[in-house]
Amino acid sequence: MTIFYPVDPGNINSEIMEQAAACIRDGKLVAFPTETVYGIGANAFDAAAVEKIYKAKRRPSSDPLIVHIADVAQLDDIVEDVPELAWQLAQAFWPGPLTLILNKTDKIPSNVTSGKPSVAVRMPSHPIAQELIRRAQRPIAAPSANLFSKPSSTSGKHVSEDFVDELDMVLDGGESTIGVESTVVNLTASVPVVLRPGGLPVEALRKFIPELQIKTSYLDEETTAASPGMLLKHYSPNARLVLYLGDDPKRVAERMKNEAEKLEADGLGIGILCSSQQGKQLNNGNRAVFELGEEGDLETISKSLYRGLRHLDEDRVDVILASAPVSSEGLGLAIRDRLYRSAEGNVVEVS
Ligand code: TXA
Ligand code: MG
């Protein structure tokens with residue numbers, strides 16, 4: 001049985017943290033909160049421990065993990081020849097929601113990187129994550145704490161929905177504040193490339209890397225995917241999700257309402273994911289409506305995105321009609337990306 005430990009991020013219990021750190025040193029799995037989403041951690045230098053992560057998540061071994069550090073000094077053991085740009089980005093954005101792809105050292109086992117010569121590294125800002133890494137005295141390899149292809153976990157409760165006894169310990173530190181994963185930037189390419197938009201807006205990165213490219217191609221061929229985690233089927237709820245895009249949120253909601261009524265007449269259970277404003281148009285008293293936040297409030301919308309998807313799944317709806325009530329600016333790019341992937345190509349453009 002996995003044991004859940006509530007930990008107050010503002011008053012961290014050192015006994016519990018010592019126990020969790022010992023688990024990591026012993027090759028066990030510990031789920032922990034980060035500011036983006038929860039992770040399932042193992043000693044990044046221990047191939048056998050890392051193997052357990054893939055098994056617990058039912059994740060294909062071709063999808064590499066992120067190595068989490070608490071101090072830039074740890075880079076020496078993980079990364080071969082840290083380029084100047086990496087130091088600059090680390091100084092500007094770490095700790096925080098930025099993951100850098102760099103050349104790996106031989107100390108990092110090949111299953112951490114799925115055989116790739118590069119390794120993903122990130123320094124999270126969450127105090128519990130930092131404390132765990134520091135006490136373990138090792139970098140921690142950790143993917144998001146969800147079953148493969150499902151929405152990520154942004155609370156200890158979400159972790160407990162996906163895992164019953166695959167983990168040795170879960171540190172429950174409440175809700176993740178950002179709610180979408182880190183921004184992944186490949187610095188080993190000739191021109192730096194964003195492989196996954198995330199919690200750090202690309203606009204912030206562009207100040208340091210004007211030539212930065214974004215390649216969030218929705219590839220479905222594992223062999224050709226630049227970042228294997230870019231496979232389209234990802235972040236998916238159990239219900240089929242249809243994504244509605246359009247410049248006018250009211251008209252988008254109108255269209256969703258019509259579609260919901262049609263599907264409901266066919267006897268299907270409908271869930272709605274939308275802005276608070278759209279919720280007023282779409283709530284009819286018995287439909288499952290999850291409001292992500294006020295239009296334009298990107299922080300609230302990103303924070304509640306995975307909670308919303310999981311909530312509607314708990315309601316066992318058959319179809320989720322989702323609106324992306326955000327533009328592609330700032331956090332909006334990551335929010336749209338996750339919704340787009342959840343929809344697995346089911347996108348309706350409302351003009
Ligand atoms: O915010 C986050 O990044 C969270 C928290 C726990 O830190 N972690 C997370 O990990 O989202 P995961 O495993 O769910 O996503 C890692 C992403 C995947 O898309 C993976 O393909 C990519 O990073 N990745 C990892 N190593 C890579 C590498 N060497 N080259 C290219 N992509 C890589
Ligand atoms: Mg993930």
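Every number in this text was worked out from the coordinates using simple rules, so none of it is lab data. Remember, it's a predicted structure, so these values are computed and weren't measured experimentally. All Cβ positions, even for glycine, are placed from backbone atoms using ideal geometry, and neighbour counts span all protein chains on display.
For the reader, a short list of remarks on this structure follows.
- Spread over its residues, the convex hull of the C-alpha atoms of the chain is 132 Å³ per residue.
- Mean residue ellipticity at 222 nm, helices only, the chain: -9500 deg cm²/dmol; runs of at least 4 DSSP H residues each add -39,500 (n - 2.57), and the sum is divided by the number of residues.
- Remark on THR99: its backbone amide H falls under 5 Å from those of THR183, VAL184, VAL185, a criterion applied only to residues 5 or more positions apart or on other chains, H modelled at 1.01 Å from N.
- Cα convex hull of region 1-65 - mean projected area over all directions, nm²: 5.1
- Overall form of region 1-129 per C-alpha gyration tensor (a/c, 1.5; a/b vs b/c): oblate
- Percentage relative contact order, the chain, counting C-alpha pairs under 8 Å, at least six apart: 19
- Using the Cβ-Cβ distance between LEU147 and ILE3 with R0 set to 25 Å, the FRET efficiency works out to roughly 0.80.
- Start at zero, step by 10 Å, and the Cα-Cα distances of region 92-140 spread as 24, 45, 31, 0 percent across the bins.
- 0 to 90° range, to nearest 10: angle between helix 47-57 axis and the chain longest Cα axis: 10
- Ordering of 257-270, 50-63 by packing [mean C-beta count within 10 Å, highest first]: 50-63, 257-270
- Chain lengthening between ASP106 and GLU211 when straightened (0.36 nm per residue, less Cα-Cα): 34.7 nm
- Across region 273-351, C-alpha contacts under 8 Å between residues 6 or more apart give a mean separation that, scaled by the residue count, equals a relative contact order of 27 percent.
- The translational diffusion coefficient of region 65-197, from Stokes-Einstein at 10 °C and 1.306 mPa s with a Kirkwood hydrodynamic radius over alpha carbon pairs, comes to 102 µm²/s.
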